[in-house]
1. Hey, with R₀ at 41 Å, roughly what FRET efficiency would ASP42 and ILE21 work out to, going by the Cβ-Cβ distance, to 0.05?
2. Starting from the Cα of GLU7, step 7 Å along the direction of its Cβ; do the same at ALA124; then give the gap between the two resulting points in nm.
3. Would you work out which of ALA124, ILE9, GLN193 lies farthest towards the positive end of the dipole of the chain, given +1 charges on the beta-carbon of Lys and Arg and -1 on that of Asp and Glu, about the Cα centre?
4. Only residues of the range 164-180 count here: report those whose backbone N is under 14 Å from the spot 7 Å along Cα→Cβ of HIS263, or say none.
5. Compute the Cα gyration tensor for the range 92-137, then decide on rounded, prolate or oblate, letting a ≥ b ≥ c be the square roots of its eigenvalues: rounded whenever a/c is under 1.5, prolate when a/b is larger than b/c in the other cases, and oblate in all that remain.
6. How about LYS261: which lysines have a C-alpha closer than 19 Å to its C-alpha, ignoring those fewer than 8 places off in the same chain?
7. So for the chain, averaging the separation of alpha carbon pairs under 8 Å that are six or more residues apart and normalising by length, what relative contact order in percent results?
8. Give me the angle, in degrees from 0 to 90, between the Cα long axis of helix 2-18 and the longest principal axis of the Cα atoms of the chain, rounded to the nearest 10.
Amino acid sequence: MKEKMKEFIASIVYALYEKGILKNHIHVASIDETIDALIGTDNSLVRFGDGEITLISGIASATQQGSSELAKRLVQVLESDEDKLLVAVYGVFEGMEHLHKNSQNFWKKHLLKFRKDYERYCIANKLYYNTFMSRCYYSMKDRGQCTQWFDKIKEIWKDKDIVIVEGEQTHNGVGNDLFFKTHTIQRIICPSQNAYGVYEQILKVCLTFDRQSLFLLSIGAAAKPLAYDLFREGYRVIDIGNLDMEYEWYLCKSPGKMALKKHEVIGRKENEKAGYCEYLDQIAVMIRGEKE
């Protein structure tokens with residue numbers, strides 16, 4: 001009953017914003033506009049999701065412990081207004097008709113609790129880009145555009161030398177064609193949990209790579225300050241988050257969320273056993289966690 005009441009209140013409050021009775025100041029580009037802004041340009045992208053907003057408010061996320069230092073860095077990036085660094089949030093402020101019912105309920109409750117945080121740190125009436133560009137399958141009510149979106153996303157890194165910064169269990173592009181169009185692939189493997197705990201080490205390693213490389217980041221909340229710092233150092237960076245997982249669900253035509261077997265593979269022997277030899281060859285640096 002309590003949860004139903006929360007959903008009801010969240011829906012009423014959201015409707016007040018939709019009808020203009022309460023004023024929304026956060027404007028978000030479409031998924032297509034976000035992808036198009038990354039094709040044939042040197043724009044970088046950093047994405048914010050619900051996890052980063054909860055970390056700013058002092059609540060740990062599923063993969064990252066909270067800290068005042070991390071919260072300050074997240075706010076710094078969210079408040080930034082750098083030319084060619086596109087900042088993305090989820091496209092949920094000006095309508096949710098494109099989302100399925102469960103996703104709508106989640107976001108309405110999220111905004112009921114955290115909208116004030118967005119309004120505090122986002123620049124009023126600035127155009128933000130759309131975090132759904134990397135979450136463009138599961139939440140969608142109509143999945144008819146997914147093929148077009150994923151095909152366009154692959155054009156972003158066509159013929160590029162890419163450096164993937166990812167967690168040990170992530171395996172971006174392993175077992176699918178997400179990065180088949182790239183020129184070369186190198187990987188920096190980081191802890192799957194609490195990557196921000198070794199942030200300085202990750203940044204130091206990244207700065208040893210050629211500035212002509214395109215960095216793709218998939219290390220949770222730590223990717224936000226990393227994208228910002230690398231961008232300020234002259235690198236092109238795209239925070240891809242869970243794009244690979246969404247792509248796997250799309251390929252399987254999964255009706256909902258599903259676990260991926262490759263996320264259970266840890267260590268050299270297990271990767272060899274799984275047949276991930278090309279993945280192992282692409283690893284340039286392995287960064288261990290704080291207690292390892």
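A short reminder: the numbers here are calculations on the coordinates, not readings from a lab. These numbers were taken from a predicted model, which means no experiment stands behind them. Backbone-built Cβ (ideal geometry, glycine too); neighbour counts: all protein chains shown.
1. Working: r = 41 Å, r/R0 = 1.01.
After rounding, the FRET efficiency stands at 0.50.
2. It works out to 3.5 nm between the two label points.
3. ILE9
4. Only 167-173 fall inside the zone, counting backbone N under 14 Å.
5. Details: a/c = 2.24, a/b = 1.31, b/c = 1.72.
Because a/c hits 1.5 or more and a/b fails to exceed b/c, the range 92-137 counts as oblate.
6. LYS253, LYS269, LYS273
7. On the way: 452 pairs, mean separation 65.2, N = 292.
The value is 22 percent.
8. Approximately 80 degrees, to the nearest ten.
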